[in-house]
Amino acid sequence: MNVAFDLNDDLTTVHTKVRRLTTDMSKVAYETLPLETRRSIESQLGLLRRREAELVARAEAERVAKVNKALGFPEYSMPQPFLGDTATSLSVWSQHELNTVYERVGGTVTTRIVERTCSTGSTWTATEITLTIEVSGIGPVMVSTDWDEESGGRNLPLMQAIPDAELIP
């Protein structure tokens, strides 16, 4: 049960090595192996898991950078996980900000009625506006916001692109 560790391994290779090592471990009575062997295996597995985490983080950072570039967002812009953002599903503050993205890159505009919940547990109904853009090498990216009547903007190009503008109350 020995797997060569190489800092130049890509994510697929690291996944394969982790899978091979854990499969090999399951084929033997691991606890009966000599202590030195177990320590060696655990060390290898620890190194592989750390490398795996580094590669996953790097791949995600590269995805975020590609999306930011495609949308015209600043390089330092990052998804906000506490808002439910991911590299390919982002939220913006208002329909005006979403319209700026729409005018810059185009895309498909849709709306849907959603129920939102705040930290106190209270809920409300909102109309979510989503702009979907196909980003080369990434796939579909969705940028969303909730319609805010007080902000106005029914005449924005984004709003005119909604297939059924009647969805906005």
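Values quoted throughout were computed directly from the atomic coordinates according to the rules given, and no laboratory measurement underlies them. Keep in mind that what you see is a predicted model, and the values were worked out from it rather than measured. Cβ placement follows ideal geometry from the backbone for every residue including glycine, while neighbour counts extend to all protein chains displayed.
Details
- Remark on Val135: its backbone amide H falls under 5 Å from those of Val141, a criterion applied only to residues 5 or more positions apart or on other chains, H modelled at 1.01 Å from N.
- Rounded to the nearest 20 debye, dipole of the chain from Cβ charges on Lys, Arg, Asp, Glu: 800 debye
- Multiplying the residue separation of Thr123 and Arg50 by 0.36 nm and removing their Cα-Cα distance gives an extension gain of 22.2 nm.
- Given charges at beta-carbon only (K, R positive; D, E negative), |dipole| of segment 11-69 in Debye: 280 debye
- When shorter helices are ignored and each DSSP H run of at least 4 residues is given -39500 (n - 2.57), the per-residue value for the chain at 222 nm works out to -13500 deg cm²/dmol.
- Simple point charges give the picture: +1 on the Cβ of Lys and Arg, -1 on the Cβ of Asp and Glu, and for segment 49-108 a dipole about the Cα centre of about 280 debye.
- The chain - convex hull of alpha carbons, volume per residue in Å³: 177 Å³
- Projecting the Cα positions of Ala59, Thr22, Leu48 onto the charge dipole of segment 11-69 (unit charges on Cβ atoms of Lys, Arg, Asp and Glu, taken about the Cα centre) puts Ala59 furthest along the positive direction.
- Counting beta carbons within 10 Å around each of Trp124, Trp147 and listing the fewest first gives the order Trp124, Trp147.
- The ranking of Tyr30, Tyr76 by Cβ neighbour count inside 10 Å, starting from the fewest, reads Tyr76, Tyr30.
- Restricting segment 59-126 to GluC sites (Glu not before Pro) that sit in a DSSP loop and have at most 10 other Cβ atoms within 10 Å of their own Cβ leaves Glu75.
- Proxy reagent accessibility, fewest Cβ within 10 Å first, across Ser43, Ser77: Ser43, Ser77
- Net charge of Cβ neighbours under 14 Å - reference Leu55; Lys, Arg +1; Asp, Glu -1: -1
- Over segment 79-167, Cα pairs under 8 Å with separation of 6+ residues give a relative contact order of 33 percent.
- Three principal axis extents describe the C-alpha atoms of segment 11-69; from largest down they are 53, 17, 13 Å.
- Counting all C-alpha pairs of segment 79-167, share separated by more than 20 Å (%): 34 percent
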